[in-house]
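The values are calculated or read from the model by the stated rules, or taken from the named source; none is laboratory data. Values in this document were obtained by computation on a predicted structure and should not be read as measured data. So basically every Cβ, Gly included, is an ideal-geometry build from the backbone, and we count neighbours across all protein chains shown. The area values use the complete protein model at the heavy-atom level, side chains included, leaving out ligands, DNA and RNA. Shrake-Rupley method; radii C 1.70, N 1.55, O 1.52, S 1.80 Å.
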Amino acid sequence: MPIQQVSFQECSNQFPEIFERVLKNHEVISVCKESEQAIVILDAKEYSSLIETLYLLSNPINANRLREGISQHQQGLVREIDVKTYLD
């Protein structure tokens, strides 16, 4: 996911447009105030997803299980089911 960079002044002048870009296009915007000062603006759902992924991968046993499941899926060893059909 590429990060778009804007200056603090540009963000200040165009915040409504930047806000919409982040929400509609799932863009990540880096706002730089000075050469070494920056913040990142991203959609709250994207942020929550990143935090959840970090949490799930923070436990080595869980991380290995996830990697194994992904590998099995990529090899076609796992088949997807429709949960609604399964529960009915």
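Couple of notes before you dig in:
- Net charge contributed by nearby residues that have their C-beta within less than 15 Å of V78 (K/R +1, D/E -1): 0
- Helix 44-58 and the longest principal axis of the C-alpha atoms of the chain enclose an angle of approximately 50°.
- Sequence ranges 3-10, 75-82, ranked by mean other-Cβ count within 10 angstrom, highest first: 3-10, 75-82
- Peptide packing: for 64-73, 21-30, the average count of neighbouring Cβ atoms within 10 Å per residue gives the ranking 21-30, 64-73, highest mean first.
- Cα-based shape type of the chain, given that a ≥ b ≥ c are square roots of the gyration tensor eigenvalues and the cut on a/c is 1.5: prolate
- Degrees between helix 15-25 axis and first principal axis of the chain (Cα, 0 to 90, nearest 10): 20 degrees
- Nearest 10 degrees, 0 to 90: helix 60-74 Cα axis against the chain principal axis: 80 degrees
- Where the chain is the region considered: accessible area per residue in Å², 1.4 Å probe: 87 Å²
- Carbon and sulfur %, accessible surface of the chain computed with the full protein complex present, 1.4 Å: 55 percent
- Estimated purely from DSSP H runs of n ≥ 4, each contributing -39500 (n - 2.57), the mean residue ellipticity at 222 nm for the chain is -17500 deg cm²/dmol once divided by its residues.
- For the chain, averaging the sequence separation of C-alpha pairs within contact (under 8 Å, six or more residues apart) and dividing by the residue count gives a relative contact order of 20 percent.
- Gap separating the Cα centres of the range 1-18 and the range 19-62, nearest whole Å: 15 Å
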